[in-house]
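Inspection log for the structure reproduced underneath, given as structure tokens.
The values are calculated or read from the model by the stated rules, or taken from the named source; none is laboratory data. Quantities reported herein were computed from a predicted structural model and do not represent experimental measurements. Note that each Cβ is placed from the backbone with ideal geometry, even for glycine, and that neighbours are counted across all protein chains shown.
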Amino acid sequence: MKPPAVHVAAVVVTYNSEGHISDLLRSIPAAMGTIAYSVVVVDNGSTDRTAALLEGRTDCALIRSQNDGYAAGINRAVAASPPSQAILILNPDATLDPGSVPQMLSTLKSPGVGIVAPRVREEDGSLSPTLRRRPTLARVGGLSFTRLPVFAERIEDPAEYEREHEVDWAVGAILLVDAECFGALNGLDESYFLYSEETDFALRAKDAGWATVYTPRAGAMHVGGGSGESPTTHTMKMVNRVRLYRRRTGTARAWIYFGMMVLIELRRTVFGRPEARTSMRALLRPAERPPALRASDTLLPR
């Protein structure tokens with residue numbers, strides 16, 4: 001068998017990311033250390049200067065693409081990368097700490113590990129709570145403030161970020177994935193278009209025997225919202241949460257999840273969040289869902 005051409009293939013998807021992508025690319029060499037690596041950036045049809053900035057660089061390969069979604073962009077970048085031991089999935093508004101990738105790669109080499117998530121901080125230096133528990137009916141309400149595992153999908157306890165341990169899934173801004181694991185799962189599920197693809201991938205990996213492990217030995221920073229927030233992206237997030245739950249638990253339980261989600265968005269609307277009004281209407285009126293999701297044929301999103 002021919003050995004991998006590089007140890008780590010870094011892949012990035014950009015969309016109107018001109019304010020962040022240069023910082024990310026500048027951080028990669030020190031983050032890799034002596035590891036052999038490649039960098040492929042797929043630009044999903046940016047309308048700002050992102051693609052122009054990337055065209056002039058020699059530290060990455062640029063692929064111009066139409067916007068088929070984040071998951072499709074990552075899969076396209078992986079397909080264009082040389083064979084590797086691991087795939088480093090990066091958001092364009094992230095930066096890596098020096099020496100972080102060898103630390104993540106060390107954890108990835110442990111038996112049964114398929115995905116590694118680093119310790120992430122916000123732009124102000126505070127801890128970013130990126131670790132998550134699997135979605136359940138009890139956790140649909142967004143009650144993370146209770147810090148009770150039965151109700152909270154997001155892991156808030158700072159102590160949980162001080163030790164290396166297995167988690168259900170982690171926010172996908174910076175993830176190191178075993179290349180064999182990525183291939184066995186046929187990459188990210190492109191039907192989500194945006195949001196829930198990293199949740200789905202980690203849970204499918206677990207089903208197939210690959211663990212997601214968090215390590216505090218590797219650090220990174222993530223600005224968040226680097227490609228913008230809108231009522232449309234919020235709607236995608238909510239619809240995809242229902243789709244993910246349905247695909248994993250079946251229709252009967254998904255109807256309950258769906259009803260609870262509608263009530264949650266109603267509550268958010270009452271408290272003055274306009275994006276929740278948009279998502280609530282889209283949940284109840286399939287024709288108003290973003291066409292990119294292709295989830296407008298039934299009331300319960302497929």
Restricting the range 1-49 to residues that are crowded, with 18+ Cβ neighbours inside 10 Å and of a type in the set (Gly, Ala, Ser), the one nearest to PRO102 (Cα to Cα) turns out to be ALA31
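Somewhere in the range 213-225, is a residue assigned to a helix (DSSP H, G or I), touching a residue at least 24 places away in the same chain (Cβ under 8 Å) and surrounded by 15 or more Cβ atoms within 10 Å (Cβ to Cβ)?
First, the residues of the range 213-225 that are assigned to a helix (DSSP H, G or I): none.
No, the range 213-225 has no match at all.
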Filter result for MET1 (at pLDDT below 95, within 27 Å of GLY183 (Cβ to Cβ) and either in contact with a Phe, Trp or Tyr (Cβ under 6 Å, 6 or more places away or on another chain) or of a type outside the set (S, T, N, Q) (or both)) = yes
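Looking only at the range 104-149, which residues are among the aliphatic types (A, V, I, L, M), buried (at least 17 other Cβ atoms within 10 Å of the Cβ) and closer than 30 Å to MET32 by Cα?
Looking only at the range 104-149, we keep the residues that are among the aliphatic types (A, V, I, L, M), and these are 104-105, 108, 113, 115-117, 120, 127, 131, 137-138, 140, 143, 148.
Right, trim to buried (at least 17 other Cβ atoms within 10 Å of the Cβ) and you get 104-105, 108, 113, 115-117, 120, 131, 140.
Residues satisfying the conditions are MET104, LEU105, LEU108, VAL113, ILE115, VAL116, ALA117, VAL120, LEU131.
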Flagged in the range 116-135 as closer than 17 Å to VAL171 by Cα and either out of contact with any Lys or Arg (no Cβ under 9 Å at 6 or more places or on another chain) or of a type in the set (Lys, Arg) (or both), in numbering order, are VAL116, ALA117, ARG119, VAL120, ARG121, GLU122, GLU123, SER126, ARG132, ARG133, ARG134
When the range 122-138 is checked residue by residue, the ones that are out of contact with any strand residue (DSSP E or B) (no Cβ under 6 Å at 6 or more places or on another chain) and either assigned to a helix (DSSP H, G or I) or of a type in the set (S, T, N, Q) (or both) are SER126, THR136
From the option list ALA152, ALA173, single residue qualifying as in the same structural domain as ILE74 (by TED's automatic domain parsing), surrounded by 18 or more Cβ atoms within 10 Å (Cβ to Cβ), of a type outside the set (D, E, K, R) and without any contact (Cβ under 8 Å) to a residue 24 or more places away in the chain is ALA152
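Report, by residue number, each residue of the range 189-210 that is part of a loop (DSSP other than H, G, I, E, B) and under 10 Å from the mean Cα position of the chain (by Cα).
Narrowing the range 189-210 to residues part of a loop (DSSP other than H, G, I, E, B): 189, 193-196, 208-210.
Correct list: LEU194, TYR195, SER196.
Results for (1) in contact with a strand residue (DSSP E or B) (Cβ under 6 Å, 6 or more places away or on another chain); (2) farther than 30 Å from ALA292 by Cβ, shown as yes or no for each residue.
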{"site": "VAL120", "(1), (2)": "yes, no"}
{"site": "VAL140", "(1), (2)": "no, no"}
{"site": "ALA173", "(1), (2)": "yes, no"}
{"site": "VAL177", "(1), (2)": "yes, no"}
{"site": "GLY183", "(1), (2)": "no, no"}
{"site": "ASP200", "(1), (2)": "no, no"}
{"site": "ALA211", "(1), (2)": "yes, yes"}
All-but-one check, ASP157 against (1) closer than 26 Å to TRP255 by Cα; (2) over 19 Å from the mean Cα position of the chain (by Cα), failing number (1)
Out of (1) assigned to a loop (DSSP other than H, G, I, E, B); (2) modelled with pLDDT of 95 or more, the one GLY183 does not meet is (1)
